[in-house]
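In what follows, a single structure is set out as structure tokens and then discussed.
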């Protein structure tokens with residue numbers, strides 16, 4: 001968020017600030033759930049091959065762990081890059 005946007009938010013009445021915070025929290029929760037669901041779907045599709053047992057076999061378990069680690073590392077890297085770009089944009093204003 002740039003400084004002009006922060007100034008606008010600071011000038012809002014307290015009730016509106018509370019509503020904005022609630023909206024932001026709701027959007028963050030939605031995005032987190034989407035990311036989690038995407039992770040589960042991708043890793044399940046890529047790694048689980050059969051339903052012969054109640055538990056994953058060793059190969060499937062290893063695959064799921066690697067898949068989840070890669071997905072989370074990628075998400076963190078994208079988030080960091082996005083933050084860098086945001087900071088660069090904010091300093092240009």
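Read-outs throughout are calculated quantities, based only on the coordinates presented, and are distinct from any laboratory measurement. Small disclaimer: the values here were computed from a predicted structure and weren't measured.
Quick notes on this one:
- Among 66, 81, 53, residue whose mean-square fluctuation peaks in a GNM of the chain (springs only between Cα atoms under 10 Å): 53
- Taking the convex hull of Cα positions in the chain, its mean projected area over all directions (nm²): 8.3
- Considering only 72, 27, 39, the Gaussian network model of the chain with Cα springs below 10 Å gives its largest mean-square fluctuation to 27.
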